[in-house]
Structures are given as C-alpha cells and as structure tokens.
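Here the structure is laid out as structure tokens; the discussion comes afterwards.
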Amino acid sequence: MYNTEPHSWNCEVCGNAIERAEDGCIEWMYKYRPRAPLVTGLRLVHNWVGCRHDLMLRNVAEIDYVDRRIPLNDCIGVDGLMYLLSLISSRTLPKGAGREIIQRLHVSGYDTAHRHFSAAIKAGVIEAPINGYYRQRDINAVLNWLRDQPR
C-alpha cells in the first residue's frame, strides 16, 4: 500500500506514513573533516526507537561519527526550507542528499512518487525529465498511477 497523501511523508525504516511533523525527524551520521565533512545515512524516519539510527550507532561509533537528528517540525514551512538550505550552504548536509530531502518535505507528493519514477517512466506514465527535476504534474501523474495499481 502506498502513502499517496500529499502532505505526509514515508518513514524510510518501517515504510509507514509519518502523518504529523511531530512524529518525524531527519537524521544522519556526521564526521567532521575541515575541507569536506563526511555525511552518511541521511534519511527521514519516525522519531521513535526502532526507526532511528540507534542500532546503526553501534557499527560506526568506533570511527568517530556523530548521530545528528533534526525534528521534522524544524524542517517544514518557509523557515524550515531556509534552515535546510543553510545546512547545505554550510556543508553540514551534502548538496545532493540535501536537495532530495528538500523535495521530499516541500514538494507535495514527491516523497511517495520519487521511489516510483523509474517504473512510471517504463510504464509510459511520465517522461524522464531533462534536468533531473520532476514537475508537479509528473508527480501527480505518478500518484494517480499508484492509486490505480492493484493492492
């Protein structure tokens, strides 16, 4: 079953909808380096044990990574968008992963549709974008296509 609600998000661990911003967070593992910090595991998850990096910490703790977590409430709306852009600008978040998180949080329906773009292109639902960015009409077409899929 797909979460096709335009203003909710999908947890990357359990796959269930994050229906309220209070229930979610963005997290990643961060290792400081003067020229280029290392960031790994950037993901959108429920803000409770079982969906967070807690288990992953055991594997990377010995190599000096720090678990970073931002409440989803701090990342939505205009102020949240500016905050995420500032994290990308300061190189706290990598550009590619940061842009993807911004799209997932701020573009209606993108969070569900982005995992199905390749299949939708193969099925002829949408065309591949020239610049790598999907328009809202493409996202809506993918969501409609998902709703019509057998469950």
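Bear in mind that the values in this text are calculations on the coordinates, not laboratory data. Keep in mind it's a predicted model, so treat the numbers as computed, not measured. Glycine gets a Cβ as well: all are built from the backbone with ideal geometry, and neighbour counts include every protein chain shown.
Structural remarks
- Going by neighbour counts of Cβ atoms within 10 Å, the residues ARG104, ARG43 line up, fewest first, as ARG43, ARG104.
- Ordering TRP48, TRP145, TRP9, TRP28 from the fewest to the most neighbouring beta carbons within 10 Å gives TRP48, TRP145, TRP28, TRP9.
- Kirkwood-Stokes translational diffusion coefficient of the range 108-151, alpha-carbon pairs, 4 °C, 1.567 mPa s, µm²/s: 125
- Taking MET82, MET29 and counting other C-beta atoms within 10 Å, the order from fewest to most: MET82, MET29
- For the range 108-151: relative contact order, % (alpha-carbon pairs under 8 angstrom, 6 or more apart): 50
- With the biggest extent put first, the Cα atoms of the range 64-140 measure 44, 29, 19 Å across the principal axes.
- Nitroxide proxy distance, nm - points 7 Å out along Cα→Cβ at TYR133 and ASP67: 3.5
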